[in-house]
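A short worksheet on the structure shown next.
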Amino acid sequence: MADVEPSWRDESLGARIRVALWLRDEVKEGGVFSKASIREAIKGTEQVDRRMRDLRPAGWVILTYRDKPSLQPDQLYLEKIGRPVWEPEHRAAGLRQISAKTKRYVYERDGHMCRRCGTAAGERYADDPGSRARLTLGHVNPHKSGGGSSAEDLITECARCNETVKHLTGAQMTKGQVWDRMTELPLQGKRHLLAWMKADFRPLNPAEKVWGLYRQLPAAAREELEGDLEKLMKS
């Protein structure tokens with residue numbers, strides 16, 4: 001009896017495998033698709049965009065409108081199908097295993113805050129109060145295929161920044177727009193910003209570091225600490 005060809009509709013398969021099979025069967029090399037279409041196909045799966053990105057180190061070439069100007073901002077182009085990750089011998093292709101020890105070290109090193117926007121875990125976004133930040137790990141060079149998994153290769157990012165940096169969601173400002181924001185800063189602000197640029201790191205003050213640690217705690221513990229600190233300040 002011949003083996004049954006796996007299908008992206010098989011919900012028992014992992015999300016990365018289902019995404020690969022969907023791209024192979026529904027999009028095919030040279031095909032254009034949207035992020036909305038893949039989310040619609042692979043329903044009930046969190047971070048389906050990330051599962052698609054996980055195919056790139058396995059040789060899958062997926063271009064965005066920044067790589068291929070003829071695309072619309074919400075479109076992607078499947079230029080090349082890489083290794084068949086649905087086959088058992090290729091399922092780990094391109095995956096980088098990050099140890100729990102490394103994850104813990106990176107989160108602590110970065111103060112449990114997104115290195116790109118400074119938002120702490122569970123904190124509301126200033127421009128989107130209805131959403132709260134969820135921390136994850138990203139690569140210092142997000143476009144480097146097969147990037148390493150050592151602490152030096154990783155930074156703490158919130159999920160929103162992680163997606164935007166990899167050109168899969170959102171729209172980034174232009175160089176000119178960022179420059180306009182820079183020139184609007186007071187002199188002291190420009191000095192701070194230049195120092196952060198040169199160090200490629202924004203140091204946190206003691207209160208910010210404790211804030212990042214505080215945001216990691218369960219809601220009940222945070223509420224207790226808020227009351228304790230309030231009492232301490234009144235004593």
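The values are calculated or read from the model by the stated rules, or taken from the named source; none is laboratory data. This is a predicted model, so every value here is computed, not measured. Here Cβ is always computed from backbone atoms with ideal geometry, including for glycine, and neighbour counts include all displayed protein chains.
Say whether the condition of being basic (Lys, Arg), touching a residue at least 12 places away in the same chain (Cβ under 8 Å) and in the same structural domain as Lys35 (by TED's automatic domain parsing) is met by at least one residue in region 118-134.
no
Can we say Ala41 is at pLDDT below 85 and not charged (D, E, K, R)?
No.
Is at least one residue of region 127-142 modelled with pLDDT under 85, in a strand (DSSP E or B) and of a type in the set (D, E, K, R)?
Yes, region 127-142 contains a residue that is modelled with pLDDT under 85, in a strand (DSSP E or B) and of a type in the set (D, E, K, R).
Looking at Gly189, is it surrounded by fewer than 10 Cβ atoms within 10 Å (Cβ to Cβ) and assigned to a helix (DSSP H, G or I)?
no
Hey, among the residues in region 206-235 that are outside any helix (DSSP H, G or I) and either at pLDDT 85 or above or under 25 Å from the mean Cα position of the chain (by Cα) (or both), which one's farthest from Gly111 (Cα to Cα)?
Pro218
Only one of Glu79, Glu5, Glu40, Glu26 is surrounded by fewer than 16 Cβ atoms within 10 Å (Cβ to Cβ), outside the structural domain of Cys161 (by TED's automatic domain parsing) and assigned to a strand (DSSP E or B); which?
Glu79 is the lone residue from the list that is surrounded by fewer than 16 Cβ atoms within 10 Å (Cβ to Cβ), outside the structural domain of Cys161 (by TED's automatic domain parsing) and assigned to a strand (DSSP E or B).
I'm checking my understanding of the structure. Among residues of region 12-24 that are touching a Ser or Thr at 6+ places or on another chain (Cβ under 9 Å) and at pLDDT below 90, which one is farthest from Thr45 (Cα to Cα)?
Looking at the filtered set, the residue picked out is Leu13.
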